[in-house]
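For reference, the structure is listed below as C-alpha cells.
Where a number appears in this text, it was derived from the coordinates with a stated rule and is not lab data. None of the values given here were measured: they were computed from a predicted structure. Virtual Cβ from ideal backbone geometry, glycine too; neighbours counted across all protein chains shown.
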Amino acid sequence: MKKESIPKELLKLITEEEIMMFKELKIKIKELNHKTNLTRLIEGNDYWISQVYDSIWFFRENSNKNFDNRKFIDIGSGCGFPGFAYAITHPNSEIYLVDSSKKKTDSLKEIIKKINFKNNIFVLSDRIENLGRQCSFRKSFDIATARAVSNPSTVSEYILPMLKKQGLGVLYCGKWCHQDNKNLEQTLKVLKGEIIENKINFLPQEKGVRNVIFIQPKGSCPEIYPRSIGKAEKYPLKG
C-alpha cells in the first residue's frame, strides 16, 4: 500500500490498525467514485482531515463520555462519513447508515463487503421521515449523527425522534452564532429536546472551523415529528 502523509493531529487520535482500515476505505471509495459520485473529498488532507479527522475528533477528545458499545445511526450517510469513521474507531457498536439515494446505499454495501469491519453494519435506503415513524427505529438509538445534510433546525427534527431517553444527537456545523443557537433552542422546545453542549474546533491545515452541537431528549418527542417528506426542510420549526 502506498505510503502517504497523515496529519499529526489525526495520528494522536487513531491506532495503526485503524489507520490501515482508513487507508483501505479510501481506496474503495476512490474505486466506487468512478461510477457513483460519492464525494470530492478523497485526496490527501481532504480525506484525512475533512473526512476522517472531522468525523471523529470530538468522540476521541470527549474522554468524560463513553461512546463505545452503542447503537448508532448516521442520517444522510453519503459516502459513509461520519458513519464508517465511527465504526472503525468504535468496533463494539452497532451501526445503521441511512441515505435516500439507492446508488449511494449500494456503494455503502459494497464497501462493507470488501472491508473487515468488526461491527454489525446495516444500510438503509430510505427517507429518515419514513424511518422516524416506525416503532422499530423510533426512540431506539444511543447516538444519531447528521453531517452536511441540512440546517440544524431541520436536522434536529430528523434526529430527536430516533433517540433513546438518554440518547445523544450530534449536529455538525460550520460557523455558529448566538442567533443559530436561539433558532435551535426554539426548535428543540417544540421537539422536547435541549442543547447540552457545543464544542468548537479549528480543523488542521486551515480546513475551516467546526462546531459540534450535542442535543438530547428532554421529554417524549411528539408523535407528529418528523413530519412528512420535505416538510422539515421547507418549513423549519425555528422562529
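Taking region 160-192 as the range and being part of a strand (DSSP E or B) and of a type in the set (A, V, I, L, M, F, W, C) as the test, the residues that pass are Leu163, Leu168, Val170, Leu171, Cys173.
Table: residues versus (1) touching a residue at least 24 places away in the same chain (Cβ under 8 Å); (2) farther than 22 Å from Asn33 by Cβ.
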site	(1), (2)
Phe58	yes, yes
Asp74	yes, no
Thr89	yes, yes
Glu94	yes, yes
Leu97	yes, no
Ser100	yes, no
Ile121	yes, no
Gly132	yes, yes
Ser136	no, yes
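Taken over region 26-47, the criterion of being in contact with a helix residue (DSSP H, G or I) (Cβ under 6 Å, 6 or more places away or on another chain) and in a helix (DSSP H, G or I) is satisfied by Lys26, Lys28, Leu32, Asn45, Tyr47.
Scanning region 1-26 for residues that are surrounded by 15 or more Cβ atoms within 10 Å (Cβ to Cβ) and in contact (Cβ under 8 Å) with a residue 24 or more places away in the chain yields Ile6, Pro7, Glu9, Leu10, Leu13, Ile14, Glu18, Met21, Phe22, Glu24, Leu25.
Looking only at residues in region 128-180 that are surrounded by fewer than 19 Cβ atoms within 10 Å (Cβ to Cβ) and among the basic types (Lys, Arg), the one that is farthest from Asp68 (Cα to Cα) is Lys175.
Residues that are among the hydrophobic types (A, V, I, L, M, F, W, C) and closer than 12 Å to Leu160 by Cβ were ranked within region 189-217; the one that is surrounded by the most Cβ atoms within 10 Å (Cβ to Cβ) is Ile215.
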